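**Student:** Here you go, one structure.
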Amino acid sequence: MRRSGRIVRQVLEAAREAVRPGVATMELERIAESKIRDLGAKPAFKGYYDYPCVLCTSVNDEIVHGIPSERRVLKAGDIVSIDCGVVLDGFYGDAAITVPVGEEITEELQKLLEVTRDSLFRGIEAARSGNTVGDVGAAVQRHVEANGFSVVREFVGHGIGTKLHEDPQVPNFGTPGHGPKLRDGMVLAIEPMVNVGRAGTRLLDDKWTAVTEDGSYSAHFEHCVAVTKNGPMILTE
Ligand code: MF3
Ligand code: CO
């Protein structure tokens, strides 16, 4: 899983380097697909419930599962969440980053990106044997809400291994001590989705793209994390 995780990271970095004003999200998709194949892996998302692409690219008020498109051209001041999964020798990796477009985004969006990323690391810190899934979610939620943002409820993290999505579900909210107990050897994909405004979501007519109900902007960061006797181990860095 570390090998598939490292490939996901290299794909995300290649996509990140291509982000600039004037680039269509489909260009990121092409870069990612050739990188995945060059590195000897297979895309995990393409064909999953008929999803058409190797990346999800979710711009501004899009939360997750935005479909790369030739018509969606990034402009200065946008934010774009790039989510990628691969499978290598039967083992899955899955990670996401949110990237600013151009030289400057608003201070509020800078804060959104920082808080979302930091909330992921709060969650990772809680991914310890003896803790519960609720401890992970509570750690994410506490950090997000302390900073005045909201966590999406309808989409959650997940176990991952020889399938992209395994038990348990890993919500980005929760009650400390509640939910399934974490044990050494479990691997979780922890993936906070954080809105500037309210938590509500809406699905676009393409039946994939989830957007914020209130039109506020949303960020998404994801890592796969193994629960080990030496504490949390990030597999997607
Ligand atoms: N990172 C998301 C997830 O873990 C992306 C899934 S896209 C899909 O669940 F196409 F595979 F559904
Ligand atoms: Co995931």
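**Student:** Could you work out the relative contact order of the range 2-234? I mean the mean sequence separation of Cα pairs under 8 Å and 6+ apart, divided by the number of residues, in percent.
**Tutor:** 21 percent
**Student:** Beyond a 21 Å Cα-Cα separation, which of these cross-linked pairs lie in this structure: 181/229; 46/207; 111/181?
**Tutor:** 111/181
**Student:** Using Cβ contacts closer than 10 Å as the measure, can you line up 25, 106 from fewest to most?
**Tutor:** Least to most surrounded, the residues fall as 106, 25.
**Student:** Just to check I understand the Karplus step: with θ = phi - 60° and J = 6.51 cos²θ - 1.76 cosθ + 1.60, what whole-Hz values come out for the range 201-212, glycine and proline as x?
**Tutor:** Running phi through 6.51 cos²θ - 1.76 cosθ + 1.60 with θ = phi - 60° gives 10, 8, 9, 6, 5, 6, 6, 10, 5, 9, 10, 6 Hz.
**Student:** Which value in deg cm²/dmol, rounded to the nearest 500, describes the helix-derived mean residue ellipticity at 222 nm for the chain, given -39,500 (n - 2.57) per DSSP H run of n ≥ 4 and division by the residue count?
**Tutor:** -9000 deg cm²/dmol
**Student:** Excluding residue 228 itself, calculate the net charge of residues whose Cβ lies under 11 Å from the Cβ of residue 228, where each Lys or Arg counts +1 and each Asp or Glu counts -1.
**Tutor:** Counting the neighbours of residue 228, the net charge comes to +2.
**Student:** Ok, one more. Most exposed first by the Cβ proxy, i.e. fewest other Cβ within 10 Å, how do 6, 198 rank?
**Tutor:** The most exposed by this proxy come first: 198, 6.
**Student:** Let me ask another. Once each part is reduced to its C-alpha centroid, what is the distance from the range 136-150 to the range 86-135 in angstrom?
**Tutor:** Cα centroid to Cα centroid, the span is 13 Å.
**Student:** Hey, another quick one. Whole-Hz Karplus ³J(HN,Hα) for the range 7-21, in order, using 6.51 cos²θ - 1.76 cosθ + 1.60 and θ = phi - 60°, x for Gly and Pro?
**Tutor:** For the range 7-21, the Karplus-derived couplings read 5, 4, 4, 5, 5, 4, 5, 4, 5, 4, 4, 8, 6, 6, x Hz, x marking Gly and Pro.
**Student:** I need the Kirkwood Rh of the chain: take the reciprocal of the average 1/r across all distinct C-alpha pairs and report it in angstrom.
**Tutor:** Kirkwood hydrodynamic radius for the chain: 17.4 Å.
**Student:** After finding the eigenvalues of the alpha carbon gyration tensor for the range 198-237, what semi-axes result from the square roots of 5 times each, listed largest first in whole Å?
**Tutor:** On the way: eigenvalues 214, 28, 14 Å².
They are 33, 12, 8 Å, listed largest first.
**Student:** Taking the range 51-134, which GluC sites (Glu not before Pro) meet the DSSP loop condition and have no more than 16 other C-beta atoms within 10 Å?
**Tutor:** Answer in residue order: 70, 103, 104.
**Student:** Using a 10 Å cut-off around each Cβ, can you sort 116, 209 from fewest to most neighbouring Cβ atoms?
**Tutor:** Listing 116, 209 from fewest to most nearby Cβ atoms yields 209, 116.
No lab work stands behind these numbers, since they all come straight from the coordinates. Note that this is a predicted model, so its numbers are computed, not measured. Here Cβ is always computed from backbone atoms with ideal geometry, including for glycine, and neighbour counts include all displayed protein chains.
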